[in-house]
Amino acid sequence: MKILVTGGAGYIGSFMTKTLLDREYDVVVLDSLERGDKSKVDKRAVLEVGDIRDIDFLESLFSSHKFDAIIHFAGYIAVGESEEFPDKYYENNVVGSRNLFATAIKHGTDKFIFSSSAAVYGNPISVPIPEDHPKNPTSVYGKNKLDVERILADLRRENPEIDFVCLRYFNASGGALDGTNGESHEPETHIIPLAIRAVLENKEFHLYGNDYDTTDGTCIRDYIHVLDLVDAHMLALDKLYFESGEYYYNVGVGAGYTNREVLEMVKEITKKDFKIVEEPRRKGDPDKLIADSSKISRELSFKPKHSDLKTIVESAWNWHEKQFKNQNS
């Protein structure tokens, strides 16, 4: 099978590309490289540099390649930035996705796996959060993800031959177990890489909120290791190969850690301390975000293997420390 991975020069997309290639799929990576890193793209893949907002480019791409399925990661991901630049996010994340799907369908590709998010739920009214939980996103980013899910659903209503899986991630995290790849975004907003940067750069860490309704006052999040997340995509690809339909799955472990627990694990793994500056909580941050992951476990036999907090932080540290040493040698 030949797979198109959009955003394949990014964090999760680069892991996805490697796994597909290791399992002998043909892979084409589509990335604008605006925020992706060309060095992260496996040399065995074909890299097509272009923008999903550019219809002429997409026409050329789909005229040159025949894809069996598309795994769609491409998009802006910073929640705070989405509030500051809502039009930019809508054009890239929603209009770009619509362009991608429409051009793909025109050229005969009708199987899609979409990188969605727990942000579609907004502030939860029940925890753990099931897939049929009300969708009330509180950020532009979350609204974008829900818009794209709805575009796929509308396309399938128009053409029942279109099949898709939307995977709603909770907190993607961790790095390659051998330290060869890891998480890096600009701007960086995720707690684990930010805490590791605080260690490596001898800086203070800003902790937002200490008055949540949790055991230690900091919010709780469900962390899924990137390798387990990639495994969920492989299972989703198998699902589309054997069954027709539209499917929605949470990808988490069904348990969470507080921010303080995460920070303490960073200190334990790195064997270094860093100053924590407590700030007021950010608007819209719920107390707890934990997945009800029973559906993906039941229907796809998904079982996370690397998503304990120690493995997540240790694998993240291995990569970041290597990068830091290489940059400063």
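The values are calculated or read from the model by the stated rules, or taken from the named source; none is laboratory data. None of these values were measured; they are calculated from a predicted model. So basically every Cβ, Gly included, is an ideal-geometry build from the backbone, and we count neighbours across all protein chains shown. Calculation scope for accessible area: heavy atoms of the full protein, side chains included, ligands and nucleic acids excluded. Shrake-Rupley method; radii C 1.70, N 1.55, O 1.52, S 1.80 Å.
Restricting attention to the chain, close to 5% of DSSP beta bridges with both partner residues there are antiparallel.
With a simple spin-label model that places each label point 7 Å from the Cα along the Cα-to-Cβ direction, the separation between F85 and F242 comes to 4.3 nm.
Calculated over the chain, the projected area of the Cα convex hull averaged across directions stands at 16.0 nm². A protection proxy built from the mean count of other Cβ atoms within 10 Å ranks the segments 224-236, 76-88, 312-324, 173-185, most packed first, as 224-236, 312-324, 173-185, 76-88.
Accessible area per residue for segment 5-44 is 44 Å², calculated with a 1.4 Å probe on protein heavy atoms, without ligands, DNA or RNA.
Can you give the accessible area per residue of segment 69-192, in Å², using a 1.4 Å probe? Spell out each step's value before the answer.
Working: 4770 Å² over 124 residues.
For segment 69-192, the solvent-accessible area averages 38 Å² per residue.
For segment 192-261, the share of alpha carbon pairs falling in successive 10 Å distance bins from zero is 16, 30, 28, 17, 8, 0 percent. Could you work out how far the C-alpha centroid of segment 193-244 sits from that of segment 79-95, in angstrom? About 21 Å separates the Cα centre of segment 193-244 from the one of segment 79-95. For the chain, the carbon plus sulfur part of the accessible surface works out to 47%, probe radius 1.4 Å.
Mind checking the dipole of segment 64-140: about its Cα centre, +1 per Lys or Arg Cβ, -1 per Asp or Glu Cβ, Debye to the nearest 20? Can you show the working numbers first?
Values: 6 positive and 9 negative charges, 69 e Å.
Taking the Cα centre of segment 64-140 as origin, the dipole is about 340 debye.
Look at the dipole of segment 200-329 built from charges on Cβ: of Y249, L289, V266, the Cα furthest out on the positive end belongs to V266.
Positive-end ranking of N181, A195, P160 along the dipole of the chain, with charges on Cβ about the Cα centre, is headed by N181.
Relative intensity of segment 1-141 on a log10 scale, I(q)/I(0) at q = 0.13, 0.21 Å⁻¹, equals -0.60, -1.26, per a Debye sum over C-alpha point scatterers of equal strength in the absence of solvent.
Note the full-extension length gain between K135 and E188 as 0.36 nm times their separation in residues minus their Cα-Cα distance, in nm to one decimal. Intermediate results must be reported in sequence, preceding the final value.
Working: separation 53, 0.36 × 53 = 19.08 nm, distance 2.60 nm.
Computed gain between K135 and E188 is 16.5 nm.
Counting pairs of alpha carbon atoms under 8 Å apart in space and at least six apart in sequence, what relative contact order in percent does the chain give? Display every interim value, and only then the final one.
Numbers: 648 pairs, mean separation 59.1, N = 329.
For the chain, the relative contact order is 18 percent.
Which helices pass in the chain if a helix is a full DSSP H run, must span at least 18 angstrom along its long axis by Cα, and must have mean Kyte-Doolittle hydropathy not below 0.5? Can you show the working numbers first?
Values: long enough: 140-158 (27 Å, -0.76); 226-242 (25 Å, 0.99); 309-327 (27 Å, -1.16).
Qualifying helices: 226-242.
Farthest toward the positive end of the dipole of the chain, out of N92, I12, V148, is the Cα of I12, where the dipole comes from beta carbon charges about the Cα centre. Pick from P187, P286, P124 the residue whose mean-square fluctuation is largest in a GNM of the chain, springs joining Cα atoms under 10 Å. Between P187, P286, P124, it is P187 that shows the largest mean-square fluctuation. Model label sites at R44 and D154, defined 7 Å from Cα along the beta-carbon direction, differ in position by 3.9 nm.
Based on DSSP H runs of at least 4 residues, each adding -39500 (n - 2.57), what is the mean residue ellipticity at 222 nm of the chain after dividing by all its residues, to the nearest 500 deg cm²/dmol? Display every interim value, and only then the final one.
On the way: 11 runs with 127 residues, N = 329.
It comes out at -12000 deg cm²/dmol, rounded to the nearest 500.
The calculated FRET efficiency for the pair N328 and S60, based on their C-beta separation and a Förster distance of 45 Å, comes to about 0.65. Segment T215..V277, full-extension length gain: 20.4 nm, with 0.36 nm per residue of separation and the alpha-carbon distance subtracted.
Once the Cβ-Cβ distance between D37 and E161 is put in as r, and R0 is 30 Å, what FRET efficiency do you end up with, to the nearest 0.05?
Values: r = 36 Å, r/R0 = 1.19.
After rounding to 0.05, the efficiency reads 0.25.
In this label model, Y208 and S297 are separated by 3.0 nm, measuring between points 7 Å along each Cα→Cβ vector. Dipole magnitude for the chain: computed about the Cα centre from +1 point charges on Lys and Arg Cβ and -1 point charges on Asp and Glu Cβ, it is near 400 debye. Sorting the segments 148-158, 188-198, 13-23 by their mean number of nearby beta carbons within 10 angstrom, highest to lowest, gives 13-23, 188-198, 148-158.
Nothing charged except the Cβ atoms of Lys and Arg (+1) and of Asp and Glu (-1): what's the magnitude of the dipole of segment 240-329 about its Cα centre? Round to the nearest 20 debye.
Working: 16 positive and 15 negative charges, 63 e Å.
Taking the Cα centre of segment 240-329 as origin, the dipole is about 300 debye.
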